[in-house]
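Scroll down for the structure; my scribbles are underneath it.
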Amino acid sequence: MRATHRLVQGHTREIVAASAPRPGCRSPIFLPARISTSYAFAVATLGKRNTLGIIREASPGLYLNGGDLGEILLPRRYIPANLKPRDTLDVFVYRDSEDRLVATTETPLATVGEFAALKVVSINPKVGAFLDWGLAKDLLLPFREQERSVRVGQRVVVFIYLDPRTERIVATTRLKRHLSPDRPFYRNGQSVEVLITGATPLGYPAIVENAHPGLLYRDTVPTPLQIGQRLQAFVRNIRPDDQIDLSLNASGYQRVTSLTAQIVQALEANGGKLEFDDDSSPEAIRQKFNVSKKAFKQALGKLYKARRIQFLHPGIELIDNSNWSPGA
């Protein structure tokens, strides 16, 4: 026989699981036993994983202590076979198709407050698209929360949040409004986790550490990236507008820093101007600086963002360098 707990008048009633099922029910079955004086009060959070205690057993399954949310049903099919005396359960809490609070031991691909790439599995012409997020009930992406129309089979990057009006968990592709308003504080060269959110001629926009906007420049990426791809990247620079320039190569940052110093020295030696810029031929760049055009453009981009140069079209010009030193 096994035991668990039931809340009775502020105490915990220990409940014994009988080996024989009650008529019309499947095991495990929880039958009243003796009163225990200890009870760990729990507060459940909708849209998150929670560790909850058992209050009582009924035909549909186990009712868990959700604190201010009240009793939360864990359907019988999710009851662990190896449940032991005094166990608590690690569950995800959400609403079923009838808006009732339910718990599951399944693990969603993302929870409330997170960005994720999810697949569109169906579209309801009245309410919106439904996304596979790893649970039996699909996640709603309302039409009003679609920045662009989506199609079945498409993987879309969304933010998952709790609708304050309906208290339902929903998704949105309007990502910018859910990014952190705080200025990012990362060190140059710091390793960060990024989620690729799109592709442009300039590069691949990304969300850095589930909080801030970033960009991987196309000419720094050796192979095409996929929307929804997660990977480790390195911070190259934080712009004044809080956008984070990223690199896939930890050593790439140091290489660019060294080349920027070389370019500044060449500008100083030539009266502050050079006829080289983004449109210069790879052969001319190689002959002058002994680097690839890709590396040269990276270095020009870094100098331009640091307001060390301006483009003359053609050529570049050094801007006041009195407070700048190579490698700064």
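On the beta carbon distance between ASN270 and ARG239, with R0 = 25 Å, the FRET formula returns roughly 0.35. Here is the list for segment 156-231: GluC sites (Glu not before Pro) lying in DSSP coil, each with at most 12 other C-beta atoms within 10 angstrom of its C-beta, are GLU167. Take the Cβ atoms of ALA81 and GLN154, set R0 to 41 Å, and the FRET efficiency comes out at 0.65. Decide, for segment 122-252, between rounded, prolate and oblate: order the square roots of the alpha carbon gyration tensor eigenvalues as a ≥ b ≥ c, take rounded if a/c falls under 1.5, and otherwise choose prolate if a/b is larger than b/c, else oblate. It comes out prolate by the Cα gyration axes.
Please give the length that would be gained between ARG286 and GLU193 if that part of the chain were fully extended, namely 0.36 nm times their separation in residues minus their C-alpha to C-alpha distance (nm, one decimal).
30.1 nm
Computed from phi, the 3J(HN,Hα) profile of segment 176-192 under the Karplus parametrisation 6.51, -1.76, 1.60 (θ = phi - 60°) reads 4, 5, 10, 6, 5, x, 7, 5, x, 10, 10, 7, 4, x, 5, 7, 9 Hz, with x in place of Gly and Pro. How would you rank SER149, SER180, going from fewest to most other Cβ atoms within 10 Å of each one's own Cβ? By the 10 Å Cβ count, ascending: SER149, SER180. For segment 42-169, the normalised intensity computed at q = 0.23 Å⁻¹ comes to -1.36 (log10 of I(q)/I(0), Debye sum over alpha carbons, equal scatterers, no solvent).
Taking a straight Cα-Cα cut-off under 27 Å and skipping sequence neighbours fewer than 8 places away in the same chain, the lysines within cross-link reach of LYS294 are LYS273, LYS302, LYS305.
Throughout, read-outs are computed from the coordinates displayed, never taken from laboratory work. Computed from a predicted model, the values in this text were never measured in an experiment. As a convention, Cβ positions derive from the backbone with ideal geometry for all residues, glycine included, and neighbour counts pool all protein chains shown.
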